[in-house]
Structures are given as C-alpha cells and as structure tokens.
Amino acid sequence: MIKYMINEIFWSAQGEGAMAGYPSIFIRLAGCSLKCDYCDTKNSWLEGKLLSESEILEKVEIYLKEYPESRIVLTGGEPLEQDLFSLVEKLKKMDLFVSIETNGVNYQKLNIDWWTVSPKDVADFEINDNLKEFVSEIKLVVNPNLTINVIKRIRKIGNNFPIFLQPQFFDTGKYGNTYDLYKKCQRSGIKNILVGFQLHRIYDID
C-alpha cells in the first residue's frame, strides 16, 4: 500500500499566480530539503501524517461533494521529494485538473496540467533541466539575492510563461522592493514579468 507524508489537506481559493481565484483542494505534502528562512509554511518541513492513497482520495471526494468545481493543487513543503506518480494518475482518472507547486530542484514525469515553479536562492535559482519544457509559470520571491540578472537567466528558458515577482513579506507598506525590481524588469524589456500577490492574505483566509 502506497503512503504519503501529508501535512494537511484543505479547500480554499488559489491565492497566487495565474490561477489565483480558482477553487482548489490543496494537498500539502510534508518535507522539504531546502528550508528557506522566509518560507511561510515551515511547519510542513517536519509535521506530517502518513496517509494511504485511498485516505487522500476520500478526503478529496468529500471536498468535491461540497465544492464540485475545485481543482487539485499539490504543494508542500516540496511535493516532488515524494514519488507522486500513482497518486497523480488516480486524481487524473477522476477527471480533475491537477496542478503542482515545486521549487524546481526535482523532476518526475507526471500527468500534471499546470506546473508552478518557484526556484529558490538557496539552490542558486536553478531549475531541473527535465522540468524546463513543462513550466507553466514561475514565481520568484523578491529578496536581496534576486537580481535582474537572475531574472534574465530564468527568462532564457522561454517567453511563453509569466514570471511573477512575489514580495518576501506580505505586510502593508513592504512591497517597495518588489515594485522597484518590477520596474527595472520593465525598463530592461524582459518579457512577461508580472507583480505577484497573495489573494488569501487580502481576504484573510487559509
């Protein structure tokens, strides 16, 4: 019996990126080897419970009965540090839209509809070569290590997907560095750069 270390499973609106606003069932997998000091889900690094596929799918079905238009978001922690092939296949057999949020260090050949990749400074903003062709969007946390040269390097992967610049701290009045970097990107002519936000912080929801 396949089991996964799960931090939590919950329903909410997707709060970030191009999918912001979509009703979503979040499956948050536990564990992450990068452990960024600005992570907003540090409890997911260590806190988790082993759940079987049937237990996970049962929880998904409960939410679907109440919120039938929901999409699936596999997140973490870092979801790709666990083998997700079987779980993803079962979710797809339920005719669900499945997205994943990953730091980009690892890659698995999965039937994913939307790949959100958020490369981190502690990994030198590197993205696994096998993952690059599947990127749907990039999210970059703005801190002193994120420079315009890093953004240019990431943009070379392709122009078709948006790159969202996300404030490191989502407190009123602390967005200035993010907007300044956004302006530099626009003046430099870097394509498809967008200002990011966290919808769930605005609405004060999970």
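The values are calculated or read from the model by the stated rules, or taken from the named source; none is laboratory data. These numbers come from a predicted model, not from an experiment. Here the Cβ positions follow ideal geometry from the backbone for every residue, glycine too, while neighbour counts run over all protein chains shown. Just the protein is used for accessible areas: all its heavy atoms, side chains included, with ligands, DNA and RNA removed. Shrake-Rupley method; radii C 1.70, N 1.55, O 1.52, S 1.80 Å.
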Unique residue being modelled with pLDDT under 95 and not small (Gly, Ala, Ser) when the list is Glu66, Glu55, Glu47, Glu61: Glu47
Neighbours by Cβ (under 9 Å, 6+ apart or cross-chain): first from segment 63-86, in contact (Cβ under 8 Å) with a residue 60 or more places away in the chain; second part of a helix (DSSP H, G or I) and not aromatic (Phe, Trp, Tyr): Gly76/Ser44; Gly77/Ser44; Ser86/Glu53
Qualifying residue in segment 61-68 (condition: among the β-branched types (Val, Ile, Thr), out of contact with any helix residue (DSSP H, G or I) (no Cβ under 7 Å at 6 or more places or on another chain), in a loop (DSSP other than H, G, I, E, B) and farther than 22 Å from Pro162 by Cβ): no
Selection from segment 148-159 of residues that are free of Cβ contacts under 8 Å to residues at least 40 places away in the same chain and either in contact with a Ser or Thr (Cβ under 9 Å, 6 or more places away or on another chain) or open to solvent by 60 Å² or more (accessible area, probe 1.4 Å) (or both): Asn149, Lys152, Arg153, Lys156, Asn159
Residues satisfying the stated conditions in segment 51-83, i.e. open to solvent by less than 10 Å² (accessible area, probe 1.4 Å), closer than 12 Å to Ile6 by Cβ and out of contact with any Lys or Arg (no Cβ under 7 Å at 6 or more places or on another chain): Ile56, Val60, Leu74, Pro79
Candidate set from segment 2-43 (those that are on the phi > 0 side of the Ramachandran plot and part of a loop (DSSP other than H, G, I, E, B)); member that is most open to solvent (accessible area, probe 1.4 Å): Lys35
Selection count where residues are touching a residue at least 24 places away in the same chain (Cβ under 8 Å), in a loop (DSSP other than H, G, I, E, B) and either of a type in the set (Asp, Glu) or open to solvent by less than 20 Å² (accessible area, probe 1.4 Å) (or both), scope segment 88-111: 3
In segment 160-196, the residues that are open to solvent by less than 80 Å² (accessible area, probe 1.4 Å) and at pLDDT below 85: Gln168, Phe170, Asp171, Gly173, Gly176
